Amino acid sequence: MAIALMLHLLAATVWVGGMFFAYMVLRPMAAATLEAPLRLTLWVRVFTGFFPWVWFAVISLLLTGYPLLFGVFGTMANTPIYVHLMQAMGLIMMAIFGHVFFAPFRRLKRAVSEQDWETGGKQLAQIRRMVGINLILGLMVVVMAGGGRMMM
């Protein structure tokens with residue numbers, strides 16, 4: 001159980017921390033300093049490097065989360081509400097990531113390869129909104145994981 005918990009926390013940290021850095025640091029700096037062709041190319045490369053880590057996180061969270069839940073609480077009925085909320089938000093985050101990966105990210109890569117900067121900009125804006133939602137959800141999960149027992 002200890003190894004599962006460590007892997008679970010590591011996966012969540014990689015995913016949420018990566019989104020925080022990308023959204024709060026890299027995004028504003030890239031927008032302020034790079035023209036569309038360079039900015040969009042940068043984002044394709046950033047996502048190409050980061051998304052395999054997100055897939056690792058998603059798989060790890062699923063493979064460790066449910067054994068931890070049942071190992072600690074026994075049944076869903078015995079599981080505290082904050083854990084159910086964390087689980088629900090995690091599943092929503094995974095669905096949002098899946099959509100980002102299979103839809104706007106693919107369109108962004110195609111637009112950049114075709115040098116269609118207008119379409120690429122629209123796809124990047126869609127990704128930005130979804131990453132923003134996921135970041136908020138991820139930070140809420142972190143707060144619940146750290147203090148859920150005391151809040152509920």
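With the convex hull built on the Cα atoms of segment 21-79, state its orientation-averaged projected area in nm².
Across all orientations, segment 21-79 yields a mean hull projection of 5.5 nm².
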Kindly express, to the nearest 10 degrees and within the range 0 to 90, the angle between helix 36-73's C-alpha long axis and the longest C-alpha principal axis of the chain.
10
Quick note on MET24, MET86, ordering by fewest other C-beta atoms within 10 Å, gives MET24, MET86
Cut-off 19 Å, label point 7 angstrom out along Cα-to-Cβ of ARG106: give me the residues of segment 43-63 whose amide nitrogen falls inside.
44-45, 47-56
Measure nothing but the geometry: give the 0 to 90° angle between the long axis through the Cα atoms of 2-21 and the longest principal axis through the Cα atoms of the chain, rounded to 10°.
30
For a distance above 12 Å, tell me the whole-number percent of Cα pairs in segment 108-150 that qualify.
66
Relative to the chain, whose Cα atoms define the longest principal axis, helix 81-102 and its Cα axis are tilted in degrees, nearest 10, by 30
Semi-axes (Å, rounded, descending) of the ellipsoid equivalent to segment 2-151 per its C-alpha gyration tensor are 34, 14, 12
Can you tell me the length gained on complete extension of the stretch ALA95 to LEU7, counting 0.36 nm per residue apart and subtracting the Cα distance?
29.6 nm
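None of the figures in this text is laboratory data; all of them are computed from the coordinates on show. All figures in this text were calculated on a predicted structure; none of them were measured in a lab. Cβ coordinates were reconstructed from backbone atoms using ideal geometry, including for glycine residues, and neighbour counts include every protein chain displayed.
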